[in-house]
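Here is the structure we will look at.
The values are calculated or read from the model by the stated rules, or taken from the named source; none is laboratory data. All values derive from a computational prediction rather than experimental measurement. Every residue, glycine among them, receives a Cβ derived from its backbone with ideal geometry; neighbour counts consider all protein chains shown.
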Amino acid sequence: MLGYSLAVSQTMSFLVLGLGSIIDIYAIKTRAPLTLSAIARNIRLNIAVIVAVIIMISTAIIPILREALSLTTLDGQAWVICTIAIFLPLVLLETRKRWVLAAHTR
C-alpha cells in the first residue's frame, strides 16, 4: 500500500500504540467531553504525560535508544501517519461524547 518496510511498520506501530495509550488517558478519564480547563486541573497527570511522551519520542530519534529497541528511522510521511493515527481515536471519542451529551440535553 504505502510501501513501507516491516521495520518501519513496526516502528510506526510501536509509536502509535505507545503514544496513543498515553494521550488516551485524557479521554478515558471522564465521560464528560474534554475541556482545556479539565486538562489543566491535574498538573501531576500533565507532567507524567509530558515525560512519557518525551521518553517515547526519544526512543525513536536517539540512535542508541532506537537501536536498543530495534526501531528504525521514519520519514516525514510516516511521522504524519503516526500523528493522525495517535490523535484520530481521541477526536472520534470526544466527538461521540459531545453527540451523546447533545442528545441527552434535548
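Points worth noting:
- Residue 67, sole failed condition from (1) of a type in the set (Asp, Glu); (2) farther than 23 Å from residue 80 by Cβ; (3) touching a helix residue (DSSP H, G or I) at 6+ places or on another chain (Cβ under 8 Å): (3)
- First in segment 50-71 and free of Cβ contacts under 8 Å to residues at least 60 places away in the same chain and of a type in the set (A, V, I, L, M, F, W, C), second anywhere and assigned to a loop (DSSP other than H, G, I, E, B) and surrounded by 13 or more Cβ atoms within 10 Å (Cβ to Cβ), Cβ under 7 Å, 6 or more apart: 60/71; 60/74
- Output for segment 7-32, where each listed residue is touching a Leu at 6+ places or on another chain (Cβ under 9 Å), among the aliphatic types (A, V, I, L, M) and either surrounded by fewer than 17 Cβ atoms within 10 Å (Cβ to Cβ) or at pLDDT below 90 (or both): 7, 23, 25, 27, 28, 32
- Residue match in segment 81-94 (condition: in a loop (DSSP other than H, G, I, E, B) and either at pLDDT below 95 or of a type outside the set (S, T, N, Q) (or both)): no
- Selection status of residue 4, in a loop (DSSP other than H, G, I, E, B), at pLDDT below 90 and surrounded by 11 or more Cβ atoms within 10 Å (Cβ to Cβ): yes
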